[in-house]
Each structure stands twice: as C-alpha cells, then as structure tokens.
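Visitor: Quick one: this structure, given as structure tokens, is what I'll be asking you about.
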C-alpha cells in the first residue's frame with residue numbers, strides 16, 4: 001500500500017530534550033516536506049526537500065533541522081524543543097514538484113512541557 | 001501576513017444542497033492551486049486542483065473556480081453529503097513552496 005508513515009504519532013517531552021520525528025514514504029517520491037498545523041494558522045511549511053541531499057527552508061524553519069540521506073526518509077529534528085513547538089506535525093511527499101498533489105502522513109502530535 | 005486566506009472558519013449546509021468554500025490569495029506569483037480535505041486524526045488528502053491558466057476544473061461532485069483578477073478561488077460541492085463534513089484547506093504553489101490557508105470546517109447536516 002502506498003503511504004507516508006510517521007513515528008511517533010504522539011509525543012510528550014520536556015524543554016531542551018532533543019527529539020526526532022521520522023517520516024518514510026514507499027512511493028519513490030522525490031519531493032518531501034514537513035508542516036506544522038496550529039489553530040487558525042492552517043498548515044505552515046517547515047522544511048522541504050527536492051531530492052536526496054537537497055533541502056531548503058519553508059516558512060517557519062526556526063528551531064528545526066532536517067536531513068535527506070535516503071530518498072524514502074525525511075526525519076524532522078528538534079535539537080532543543082521549546083513549548084512554542086507544541087503542535088501537530090505532518091510529513092508529506094509528492095512525485096516531484098511539477099504541480100503534483102502531496103500525500104500526507106497521519107500526523108504527529110507533539111507536546112513540549 | 002497570510003498569503004492564502006479562508007475567511008470563513010466554519011460553514012454548515014443541509015444535505016443535498018450546494019456547499020461553497022472560498023479562498024483568497026495575495027501573491028500574484030501563485031500559479032497552481034489545490035484543495036485538500038482533512039478528517040480528524042488523519043492527514044489531509046488531495047481533492048482537486050486548478051492551474052492558473054484555467055478558470056474551472058470539475059471532478060464529479062467537486063468543482064473549483066478560479067478568478068485570477070480577483071485573486072479568488074472557490075470550491076463547490078454539489079450535492080453535499082454528510083461524509084463531506086471535514087476541514088477543507090486551500091493551498092497555492094509558489095515556486096517550491098506550498099502555502100496553505102487556515103482551513104474551513106464544513107458540516108453537512110442530514
């Protein structure tokens with residue numbers, strides 16, 4: 001089954017404790033991205049990747065890191081999480097960026113205390 | 001400042017009637033627009049899209065209209081069904097970035 005998977009689905013952590021949210025897709029997609037969803041703000045793009053070893057900042061990259069060492073994986077890293085990073089996070093992928101729709105993962109709800 | 005706006009946070013419609021969801025954008029460089037639907041506890045799913053060179057795209061019960069001069073697009077759902085109850089996001093592509101609106105919660109009442 002073609003899908004985007006994220007782990008964990010739920011995470012409660014404390015300020016300053018490094019964490020990684022994994023994202024994997026099995027569709028051989030080139031384009032992957034991370035979003036956060038906050039009430040009243042919709043989905044805001046954090047980082048995106050056009051292909052392996054090619055990443056770039058989205059609209060809200062501060063406090064986040066990403067890597068794209070393999071085509072299928074695109075982990076999101078929070079080196080020192082803060083309470084304002086409490087949010088619902090979505091990973092997405094698409095074949096490329098020739099106006100193809102993105103496929104989204106199920107989401108990761110992160111709470112930083 | 002939000003580049004993609006959905007000014008109605010919520011909308012209620014009777015089953016069988018038309019649902020019209022609106023979206024406005026400010027950046028004239030956007031050249032492709034999409035609508036996504038999101039159910040609780042799931043990721044958004046693609047619904048329909050439109051290129052800026054068109055003014056209408058239809059797929060079954062769903063039609064998207066684009067008015068470039070007004071920087072406005074709308075999603076029409078006819079007839080509305082209870083299963084259409086969800087949050088709908090308008091999105092626009094600018095270069096390599098996807099920009100989403102804040103969403104409109106549609107409730108279709110039986």
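Visitor: Please go through (1) within 14 Å of another protein chain (Cβ to nearest Cβ); (2) at pLDDT 95 or above; (3) closer than 24 Å to residue B:40 by Cβ for residue A:61 and return the number of the only condition it doesn't satisfy.
Guide: (3)
Visitor: For the subset of the stretch A:75-92 comprising residues that are under 12 Å from residue A:35 (Cβ atoms) and buried (at least 20 other Cβ atoms within 10 Å of the Cβ), which member is farthest from the chain's Cα centre (by Cα)?
Guide: A:87
Visitor: Tell me, which residue of the stretch B:27-48 that is in contact with a strand residue (DSSP E or B) (Cβ under 8 Å, 6 or more places away or on another chain) and loosely packed, with under 13 Cβ neighbours inside 10 Å is farthest from residue A:41 (Cα to Cα)?
Guide: Checking each candidate, the answer is B:29.
Visitor: Give the stretch B:11-52 a look and list any residue that's over 18 Å from residue B:96 (Cβ atoms), touching a residue at least 12 places away in the same chain (Cβ under 8 Å) and over 13 Å from the mean Cα position of the chain (by Cα), or say none.
Guide: Selection gives B:12, B:13, B:14, B:15, B:16, B:17, B:18, B:26, B:39.
Visitor: I need the full set of residues from the stretch B:62-78 which are out of contact with any strand residue (DSSP E or B) (no Cβ under 9 Å at 6 or more places or on another chain) and surrounded by 14 or more Cβ atoms within 10 Å (Cβ to Cβ), in order please.
Guide: B:68
Visitor: Looking for something assigned to a strand (DSSP E or B) and more than 26 Å from residue A:105 (Cβ to Cβ) - is there at least one such residue anywhere in the stretch B:28-50? Before you say what the answer is, go through the steps one by one.
Guide: Of the stretch B:28-50, the ones assigned to a strand (DSSP E or B) are B:32-38, B:45-50.
In the following step, the residues that additionally are more than 26 Å from residue A:105 (Cβ to Cβ) were identified as none.
So far as the stretch B:28-50 goes, no, none of its residues is assigned to a strand (DSSP E or B) and more than 26 Å from residue A:105 (Cβ to Cβ).
Visitor: So which residues in the stretch B:70-110 are away from chain A (no Cβ under 14 Å), outside any strand (DSSP E or B) and on the phi < 0 side of the Ramachandran plot? Even if it seems obvious, please write down each step before you answer.
Guide: Our first condition is that a residue be away from chain A (no Cβ under 14 Å); within the stretch B:70-110, this holds for B:70-85, B:106-110.
Those still in the list that are outside any strand (DSSP E or B) too: B:70-71, B:78-85, B:110.
B:70, B:78, B:79, B:80, B:81, B:82, B:83, B:84, B:85, B:110 - these are the residues of the stretch B:70-110 that are away from chain A (no Cβ under 14 Å), outside any strand (DSSP E or B) and on the phi < 0 side of the Ramachandran plot.
Visitor: Please note which strands (runs of 3 or more DSSP E) are completely contained in the stretch A:51-113 and include at least 3 residues that are out of contact with any helix residue (DSSP H, G or I) (no Cβ under 9 Å at 6 or more places or on another chain).
Guide: A:54-57, A:87-94
Visitor: Can you tell me which residue among A:5, A:15 is part of a strand (DSSP E or B), surrounded by fewer than 16 Cβ atoms within 10 Å (Cβ to Cβ) and more than 10 Å from chain B (Cβ to nearest Cβ)?
Guide: A:5
Visitor: Further, regarding this structure: Tally the residues that are touching a strand residue (DSSP E or B) at 6+ places or on another chain (Cβ under 6 Å) and within 11 Å of residue A:19 (Cβ to Cβ), restricting the search to the stretch A:66-88.
Guide: Number of matching residues: 6.
Visitor: Please go through (1) within 11 Å of chain B (Cβ to nearest Cβ); (2) in contact with a strand residue (DSSP E or B) (Cβ under 8 Å, 6 or more places away or on another chain) for residue A:41 and return the number of the only condition it doesn't satisfy.
Guide: (2)
The values are calculated or read from the model by the stated rules, or taken from the named source; none is laboratory data. Quick caveat, the model's predicted, so the values are computed rather than measured. Cβ coordinates were reconstructed from backbone atoms using ideal geometry, including for glycine residues, and neighbour counts include every protein chain displayed.
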